[in-house]
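The values are calculated or read from the model by the stated rules, or taken from the named source; none is laboratory data. Please read these numbers as outputs of a predicted model, since none were measured by experiment. Here Cβ is always computed from backbone atoms with ideal geometry, including for glycine, and neighbour counts include all displayed protein chains.
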Ligand code: PHB
């Protein structure tokens, strides 16, 4: 058989192409998981790492013929460290950056993701503006405004007329304050807004001032992990016996620390997307498997952001048939929907933010342990801040 020069060249090119595809397929897909593993927000890191590892244990570590490699890095809760780690991971050819325990950490990494065209899967941080910081950001956690806004309606409908809000003084706290106060005032309520420092907060003087105002309720936002100190000081001032209701988004009664808070937490009403007591088959299986794999540790709302973030990454890779092109991956992530341990969720293709149910819950003692027991559901809630702009 006579082979022309052109045919030989074509055959060589095809061999090279398939060799390249083969080389890519043989290489693992690296996921850089950047989390606060030490410092005041280490519980978020611990929960998300455990959830990501559980997901991989349950779903295998090969997707679309490619091995998944998870690289966990500790940002210590410091934005500069998160940014440096992200840059190093990009240099090391990670396909996806994920994690981000706090808003400033997610924001610090956004320019790195944009420049490298690498998806940034936000599994924890919750201020509304984050997804606007890069077209490569997709969020599987929540927005604090999404959790907080439904509380305005609940409070207005349940005889609450005067509220003092106490929030951590940074973006998510300010989101919580606004998302609650604006609709509550529109519904005829009265609000006074107080802000406390994010780090090492001393709530005592603010709680005292709030108690002197004699409101019907205190609305509190503190980030995951910070609720213990708040509850302690709330009890020390006798506020649990004052008839002033404690309400807010569910970050304050985080499942990671709720059971250690004691009776002071009983009766706290919160609105949020996840409770370890969520009564679905998926959640029962999740809580059981999570506890089994982690020495009895109870999963909190941060953990489901990590678990669902891994699902988003796995399914996106399946859709791209293993390609790690950043634009293709983000395209595949948009409008994905599935059933999470928290209930039905989807990614809004217009904002790359999560759409999910928000549940109204009350802290109760169940079988000797404290839980956020859900008693009402507001279905398919979008981030209200971005919904208002659409
Ligand atoms: C945030 O910094 O975005 C954040 C952290 C913890 C929360 C909520 C929001 O519970």
For this session: Please give the number of the condition residue 380 fails out of (1) buried (at least 19 other Cβ atoms within 10 Å of the Cβ); (2) closer than 19 Å to residue 304 by Cβ.
Result: (1)
Problem set entry | Candidate set from region 129-148 (those that are under 21 Å from residue 300 (Cβ atoms) and part of a helix (DSSP H, G or I)); member that is nearest to the ligand (Cβ to nearest atom) | 144
Exercise. Assuming residue 218 fulfils every condition listed in (1) without any contact (Cβ under 8 Å) to a residue 60 or more places away in the chain; (2) within 16 Å of the ligand (Cβ to nearest atom); (3) in a strand (DSSP E or B) apart from one, which condition is it?
Worked result: (2)
For this session: Examine region 231-248 for a residue that is within 17 Å of residue 126 (Cα to Cα) and free of Cβ contacts under 8 Å to residues at least 60 places away in the same chain, and state whether such a residue exists.
Result: no
For this session: Among the candidates 335, 275, single out the residue that is in contact with a strand residue (DSSP E or B) (Cβ under 9 Å, 6 or more places away or on another chain) and either within 16 Å of the ligand (Cβ to nearest atom) or in a strand (DSSP E or B) (or both).
Result: 275
For this session: Go through region 45-83 and give me each residue that's within 26 Å of residue 199 (Cβ to Cβ), crowded, with 24+ Cβ neighbours inside 10 Å and in contact with a strand residue (DSSP E or B) (Cβ under 7 Å, 6 or more places away or on another chain).
Result: 45, 48, 75, 82
Exercise. Is it true that residue 176 is touching a residue at least 24 places away in the same chain (Cβ under 8 Å) and either away from the ligand (no atom under 16 Å from the Cβ) or surrounded by fewer than 18 Cβ atoms within 10 Å (Cβ to Cβ) (or both)?
Worked result: no
Exercise. Regarding residue 267, is this residue under 27 Å from the mean Cα position of the chain (by Cα), surrounded by fewer than 16 Cβ atoms within 10 Å (Cβ to Cβ), farther than 18 Å from residue 43 by Cβ and more than 16 Å from the ligand (Cβ to nearest atom)?
Worked result: yes
Exercise. Just wondering, is there one or more residues in region 16-33 that are in contact with a helix residue (DSSP H, G or I) (Cβ under 9 Å, 6 or more places away or on another chain), closer than 21 Å to residue 297 by Cβ and modelled with pLDDT of 95 or more?
Worked result: yes
For this session: Tally the residues that are closer than 16 Å to residue 35 by Cα, assigned to a loop (DSSP other than H, G, I, E, B) and within 15 Å of the ligand (Cβ to nearest atom), restricting the search to region 74-127.
Result: 11
Exercise. Of the residues in region 278-299, how many are in contact (Cβ under 8 Å) with a residue 60 or more places away in the chain and part of a loop (DSSP other than H, G, I, E, B)?
Worked result: 6
Exercise. Within region 234-254, is even one residue in a loop (DSSP other than H, G, I, E, B), within 12 Å of the ligand (Cβ to nearest atom) and modelled with pLDDT of 95 or more?
Worked result: yes
Exercise. Could we say that residue 204 is surrounded by fewer than 18 Cβ atoms within 10 Å (Cβ to Cβ) and farther than 26 Å from residue 358 by Cα here?
Worked result: yes
